[in-house]
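A short write-up of the structure that comes next.
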Amino acid sequence: MAHRPNTPQSPVQLFRVFAGLSLAGFGGVLPIAEDRLVRRERWIEEHDFYQTLSLAQILPGPNICNMAVMLGDRFFGLRGALAALAGLILPPLLPVLALAFFYTAWSDSPLVSGALRAMAMAAAGLMLAMALRLGSGLSHPRSDYAIAALVVVAIAVLRLPLAYTLLGVGALSLAIALRRS
Amino acid sequence: MSLGGFLVVIPEMQRYLVIERSLLSPAQLAASIAIGQAAPGPNVQLVAVIGWQIAGAMGAAVCMLAAVLPSVAIAWGTRRLGARFTHDPAMPKLRAALLPISLGLMVSAGSVVASTEAHQPLLLALVPLALWLSWRLRLSPILIVVGAGFVGFAFAAMGWLV
């Protein structure tokens, strides 16, 4: 295991850093989380961050929350897990619910709905950009792209339930990963 | 129900909430995603916005708790188990097996959201534009989303959107 250059001082600091990155994380906290945790605080190395992330992503539920819990637990056990999770989730709830309230009040306006429809398309573009970033760091591009393509066909084209897709393609992906020496 | 992270669950939410149960219209789901992206915080907040649209403040609170608590408990338990097997040679392989799946799910999420405007080329064109602005110019997501909001507002004001 490579050395870890830095560690948080207390659960309170964990809460503060997670609240800060959460409130700064527009359009998904992940890029900000990577920047703050890997580069600014240096609590975790980049490859470790992405490996933890891919585990957090396959576990049920929101991956950044899973990640906050796993990182918080790594440093301060259950207290750290709760501190990181609370920092991540609670502070930004107020602005998002204010926006939701505003939207439900104005949803009949074609101007507001036009703006939101366009924003949803920007969100879609950002997700695809995120996928490109994920795809550019693969160590076994050929088999990885084939697995990713199977997932896209199952989920986006055939609209199969996620659970079946994960069981089927997950088993295949695992079999391929285990055969590599 | 939400195996696989959060944005990646969008296709599943669309399949279940919009197509199977008709709890939300496609437009409401897309608006929830837009609101989630326009506000700071984790993408799971989208669930609070959806809960709000279905059942107000209580709906937001219940949906948020339901989305977060069981899964973080599992994550915590997994981390406790994983911490014991950190040096197990199978661990990096398991993680390597998960990466291409995350990639496929992310592509699916982007495509499913984009497909809500499949009939509206003017809006659909914003998808590759946003991708390019983020991927090549590394513009911050909030600039891209808010910028798109102004563009959509202008399109609607010109009467170009059906």
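Per DSSP H run of n ≥ 4, the term is -39500 (n - 2.57); total these for chain B, divide by its residue number, and report the mean residue ellipticity at 222 nm rounded to 500 deg cm²/dmol. Don't skip to the end; give the middle numbers.
Values: 7 runs with 114 residues, N = 162.
Computed ellipticity for chain B at 222 nm equals -23500 deg cm²/dmol.
Counting only protein chains, not ligands or nucleic acids, how are B:W160, B:W135 ordered by accessible area (probe 1.4 Å), most first? Could the numbers behind the result be given before it?
Working: B:W160 135, B:W135 65 Å².
If we order B:W160, B:W135 from most to least accessible, we get B:W160, B:W135.
In peptide A:12-19, what is the residue-averaged number of other protein chain Cβ atoms found within 10 Å of each Cβ?
Values: counts 0, 0, 0, 0, 0, 0, 1, 1.
Mean inter-chain Cβ contacts per residue within 10 Å come to 0.
So what's chain A giving for Rg/Rh, alpha carbon basis, Kirkwood Rh from the mean inverse pair distance? Show your work: numbers first, answer last.
On the way: Rg = 18.9 Å, Rh = 18.7 Å.
Rounded to two decimals, Rg over Rh is 1.01.
Can you pull the three principal axis extents for the Cα set of the stretch B:89-162, in Å, largest first?
Per principal axis, max minus min of the Cα coordinates gives 60, 26, 15 Å.
Under the √(5λ) rule applied to the eigenvalues of the Cα gyration tensor, what semi-axes describe the equivalent ellipsoid of the stretch A:109-180? Give them in Å, descending.
Semi-axes, largest first: 32, 16, 7 Å.
Taking the Cα centre of the stretch B:6-88 as origin and charging only Cβ (+1 Lys, Arg; -1 Asp, Glu), how large is the dipole, in debye to the nearest 20? The partial results should precede the final answer.
Working: 5 positive and 3 negative charges, 41 e Å.
That gives a dipole near 200 debye.
Within 10 Å of each Cβ of A:31-37, how many other protein chain Cβ atoms are there on average?
Details: counts 4, 3, 1, 0, 0, 0, 0.
Rounded to a whole number, the mean comes out at 1.
Quick one, what does Rg over Rh come out to for the protein assembly as shown if you take C-alpha atoms and the Kirkwood Rh?
Numbers: Rg = 19.2 Å, Rh = 20.1 Å.
For the protein assembly as shown, the value is 0.96.
If you add up the charges near B:E20, with Lys and Arg at +1 and Asp and Glu at -1, over every other residue whose beta carbon is less than 15 angstrom from its beta carbon, what do you get?
Values: positive: A:R159, B:R15, B:R21; negative: B:E12.
With Lys, Arg at +1 and Asp, Glu at -1, the net is +2.
Dividing the convex hull volume of the Cα atoms of the stretch A:11-105 by its residue count, what figure in Å³ per residue is obtained?
Numbers: hull volume 9.0 nm³, N = 95.
Here the figure is 95 Å³ per residue.
Across bins of 10 angstrom width beginning at 0, how are the C-alpha pair distances of chain B distributed, in whole percent?
Over chain B, the share of Cα pairs per 10 Å bin runs 9, 31, 33, 20, 6, 1, 0 percent.
Can you tell me what the convex hull of the Cα atoms of the stretch B:6-88 projects to on average, as an area in nm²?
Mean projected area of the Cα convex hull: 6.7 nm².
Determine the dipole magnitude for the stretch A:57-148: charges of +1 sit on the beta-carbon of Lys and Arg, -1 on that of Asp and Glu, nothing else is charged, the reference point is the Cα centre, and the result goes in debye to the nearest 20.
Values: 5 positive and 3 negative charges, 39 e Å.
I would put it at about 180 debye.
So which residue, out of B:V107, B:V72, B:V47, gets the largest mean-square fluctuation from a GNM of chain B using Cα contacts under 10 Å as springs?
Judging by the Gaussian network model, the answer is B:V72.
In peptide B:46-56, what is the residue-averaged number of other protein chain Cβ atoms found within 10 Å of each Cβ?
Working: counts 4, 1, 6, 7, 1, 2, 7, 4, 0, 0, 3.
Per residue, the average neighbour count from other chains is 3.
The values are calculated or read from the model by the stated rules, or taken from the named source; none is laboratory data. Just so we're clear, the structure is a prediction, and the values are computed from it rather than from any experiment. Positions of Cβ are generated from backbone atoms using ideal geometry, with glycine treated the same way; all protein chains shown enter the neighbour counts. Just so you know, the surface numbers come from the protein's heavy atoms only, side chains and all, with ligands and any DNA or RNA stripped out. Shrake-Rupley method; radii C 1.70, N 1.55, O 1.52, S 1.80 Å.
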